[in-house]
Amino acid sequence: MNKRLKFTLSTLACLVASQTFAKTDILLRGAYVTKENTPSFQQKGISHQRYEDSGFHLSQAVLASSFSLSNDWSAEGVLNAYNDGEEEFGFTQLFIKYRPLTASSIKPEVKLGAFYPSISAENTGFGWLSPHFLSNSAINSWIGEELRIGGIELSLRQNGRQVRSNWSWKVVGSVFKGNDSTGTLLSWRGFALHDRQSVYDDRVNFLPIPGVVDDDKLDAPAWTDPFREIDGRAGYYIGAHLSHKRTAEVKYYFYDNNADQTVLDPDRIYAWHTRFHSLTMRYLPNRDLTLFSQLLVGDTLMGDSFVDNDFASAYIAAAYTYENATFSARADWYQVIDRDNTMYDPNNSDGYALTFSTRYQLHENVAVTAEWQTNKGEQDNLTFFQNNKKYTENVFQVALTIQL
């Protein structure tokens with residue numbers, strides 16, 4: 001996306017937010033972070049963590065606005081700002097939605113623009129943030145980095161209460177452009193756990209792996225443009241939701257960016273053919289306890305089998321609320337399996353992470369959160385930069401969140 005178009009769309013979102021008939025929310029989050037003194041992947045370092053060093057950081061500044069165009073049409077936009085990354089300001093979502101008023105029990109909906117598919121079981125809060133954790137799971141950290149829909153989504157849904165049933169359902173399908181480079185980070189950096197969402201026109205850096213950046217090897221840059229259109233082909237996804245009352249929900253999605261992995265653009269960025277299955281589950285046994293989990297299994301292919309990887313990740317999580325405090329815990333597992341024969345570009349990686357978070361609501365609009373995370377694993381391409389392929393990363397952060 002060129003700078004002029006990005007500025008125009010961002011300005012449009014700001015103008016939307018300024019209208020008196022718009023519903024506008026603002027979230028500001030500052031965090032004090034302590035971590036190992038290792039360079040972040042954003043500075044092309046070996047760490048899978050977001051932040052370069054310990055200290056105070058603006059972890060989130062989000063403006064989200066929605067307004068009604070008519071009885072059936074509405075528009076929504078989300079602007080994000082950070083003090084880290086290549087692009088520190090921009091929009092992460094901007095779309096219009098058609099949701100007609102109808103007496104039929106089966107109701108249609110259309111979304112057109114830039115948005116997330118409703119895959120996540122944890123990123124259900126304001127601005128696609130998690131209401132329970134400061135950092136996302138490995139699955140949703142990757143989705144926030146590399147996956148965004150620029151296209152159209154059609155869905156049909158039925159609310160069980162309208163037909164006197166305990167069951168509600170939704171089926172969805174989408175056709176989109178962009179996302180052609182999706183799979184780059186999983187292959188060359190591996191999974192990471194953090195809360196930074198890529199904005200449009202962003203770049204995400206990773207280690208300058210010799211087999212990737214050397215002139216006599218792939219001669220590619222040590223960064224990716226997550227939402228780039230390279231081959232002119234459209235991708236698609238399909239999904240289904242099933243829920244029982246308000247206590248349990250299951251979602252299944254199949255995603256295929258349908259990229260032609262042999263196409264190379266002028267920046268020497270290849271299209272990656274990436275597919276995955278996603279299954280999420282959410283269960284509320286009572287009003288204070290939430291249990292949720294997600295499984296992702298897929299594969300990605302780049303070039304003439306230059307990179308051929310399978311990938312998988314899963315997490316289980318729980319959140320318990322007692323008065324003004326919420327206690328949350330999550331266990332992550334992730335893996336990338338190298339299936340190709342390119343000896344100078346090893347892509348195998350695997351690991352696990354544990355995250356514990358406590359959030360206390362000081363005021364209706366103010367909360368403080370403390371979170372500790374440990375992330376351990378092995379990644380074959382780290383041997384180009386250190387003596388072994390193992391890593392252990394511990395991060396502790398205390399954040400103040402203000403939402404208006």
Give the residues of the range 1-31 that are modelled with pLDDT of 85 or more and surrounded by 14 or more Cβ atoms within 10 Å (Cβ to Cβ), sorted by residue number. Thr24, Asp25, Ile26, Leu27, Leu28, Arg29, Gly30, Ala31
Restricting attention to the range 334-362, the residues that are of a type in the set (Ser, Thr, Tyr) and either loosely packed, with under 14 Cβ neighbours inside 10 Å or closer than 30 Å to Tyr322 by Cβ (or both) number exactly 5
Which residues, taken from the range 268-296, are loosely packed, with under 15 Cβ neighbours inside 10 Å and farther than 20 Å from Leu242 by Cβ? Arg268, Asn286, Arg287, Asp288, Leu289
Among the residues of the range 237-248, is there at least one that is modelled with pLDDT under 95 and among the aromatic types (Phe, Trp, Tyr)? no
Would you kindly identify the strands (runs of 3 or more DSSP E) lying entirely within the range 248-331 that contain at least 2 residues that are hydrophobic (A, V, I, L, M, F, W, C) and in contact with a helix residue (DSSP H, G or I) (Cβ under 6 Å, 6 or more places away or on another chain)? 307-322
Flagged pairs (Cβ under 6 angstrom, 6 or more apart or on separate chains; first in the range 155-183, free of Cβ contacts under 8 Å to residues at least 60 places away in the same chain; second hydroxyl-bearing (Ser, Thr, Tyr) and assigned to a strand (DSSP E or B)) are Asn159/Ser168
Can you name every residue in the range 67-86 that is closer than 26 Å to Ile152 by Cα, buried (at least 16 other Cβ atoms within 10 Å of the Cβ) and out of contact with any Ser or Thr (no Cβ under 6 Å at 6 or more places or on another chain)? Phe67, Ala75, Leu79
Looking at Ser198, is it under 24 Å from Thr342 (Cα atoms) and surrounded by 22 or more Cβ atoms within 10 Å (Cβ to Cβ)? no
Cβ pairs under 6 Å, 6+ apart or interchain, first in the range 293-306 and touching a residue at least 24 places away in the same chain (Cβ under 8 Å), second surrounded by fewer than 20 Cβ atoms within 10 Å (Cβ to Cβ) and outside any strand (DSSP E or B), ordered by first then second residue, are Ser305/Asp340; Phe306/Thr342
Please go through the range 202-222 and give me each residue that is surrounded by 18 or more Cβ atoms within 10 Å (Cβ to Cβ) and touching a residue at least 60 places away in the same chain (Cβ under 8 Å), ordered by number. Asp202, Val204, Asn205, Phe206, Leu207, Ile209, Gly211, Val212, Leu218
Residues of the range 110-133 being buried (at least 17 other Cβ atoms within 10 Å of the Cβ) and either over 13 Å from the mean Cα position of the chain (by Cα) or among the hydroxyl-bearing types (Ser, Thr, Tyr) (or both), which ones? Lys111, Gly113, Ala114, Tyr116, Ser118, Ser120, Ser130, His132, Phe133
So which of Ser187, Ser165, Ser174 is within 30 Å of Glu109 (Cα to Cα) and crowded, with 19+ Cβ neighbours inside 10 Å? Ser174
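The values are calculated or read from the model by the stated rules, or taken from the named source; none is laboratory data. These numbers come from a predicted model, not from an experiment. Ideal geometry is used to build each Cβ from the backbone, glycine not excepted, and the neighbour counts take in all protein chains shown.
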